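Read-outs throughout are calculated quantities, based only on the coordinates presented, and are distinct from any laboratory measurement. On a predicted model such as this, the values are computed, not experimentally measured, just so you know. Don't worry about glycine lacking a Cβ; one is built from the backbone with ideal geometry, like all the others, and counts go over all protein chains shown.
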Amino acid sequence: MHERRFEGDVNRLRFPERVERLEVARVVDLCLENGPYDSVLDLGTGTGLFAEEFSKRGLAVSGMDVNPEMLPVARIFVPKGDFRQGIIEALPYPDGCIELVFLGLVLHEADDPLKALQEARRVARRRACILEWPYRDQSFGPPLTDRLNPENLFGFFQQAGFQKWKMTDLSNTVLYSLEV
């Protein structure tokens, strides 16, 4: 279970070229539309790249990653964050306890994307945002076979209980904003 996880140098996740490619500040700005928000759960937090930006905006940050090697690094960048090891298909949080749930480049790695979205919907009080790779070949990111087709995603959104969503094409990624 969960064989598709990041393997390699965790520091590579914070290379300036990668950070620039991911447009971290812009993504967080878009996630915080219709705010203010007081809390965020960063699923697939990795080294806490997005968690750090959410923290800079004053949100209480929780994060979760399947890879235990990531969590100490995330804690360095967000010392007040609550970081846990776990899978996104079984979140150890109560219903509606987090205002904003963020899935940053992790849904395509889920064993069961629908179950992950159902869990995100369960714990999100107001909104969920999903950053994913576009469904096209690129010279970086996962191969096309590992990327999520938007048509399938829209069906998953509806099945998970999200009534309204918006898709924003960014330079190298796509952000889906889902309202609870």
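For Arg21 paired with Glu69, estimate the spin-label separation in nm (one decimal), with each label point 7 Å from Cα along the Cα-to-Cβ line.
Placing both labels 7 Å along Cα→Cβ, they lie 1.9 nm apart.
About the Cα centre of the chain, what is the dipole size in debye to 20, counting +1 per Lys and Arg Cβ and -1 per Asp and Glu Cβ, all else neutral? Display every interim value, and only then the final one.
Values: 22 positive and 28 negative charges, 79 e Å.
The calculation lands at about 380 debye.
As an exercise, use a Förster radius of 41 Å and the Cβ-Cβ distance of Gln163 and Asp82 to find the FRET efficiency, rounded to the nearest 0.05.
0.90
Note down the net charge around Glu99, summing +1 for each Lys or Arg and -1 for each Asp or Glu among other residues with Cβ under 11 Å from its Cβ. Intermediate values should be presented prior to the final figure.
On the way: positive: Arg125, Arg126, Arg127; negative: Asp38.
Neighbour charge sum, excluding Glu99 itself: +2.
Lysines within cross-link reach of Lys166: Cα-Cα under 21 Å, excluding same-chain residues under 8 positions apart?
Here the lysines satisfying the reach criterion relative to Lys166 are Lys115.
Provide the net charge surrounding Phe156, with neighbours chosen by a C-beta distance below 11 Å and charges set as Lys +1, Arg +1, Asp -1, Glu -1.
Once all neighbours under 11 Å are counted, the net charge is 0.
Taking 7 Å along the Cα-to-C-beta vector as the label spot, tell me the Leu170-Asn149 distance in nanometres, rounded to one decimal.
Rounded to a tenth, the inter-label distance reads 2.5 nm.
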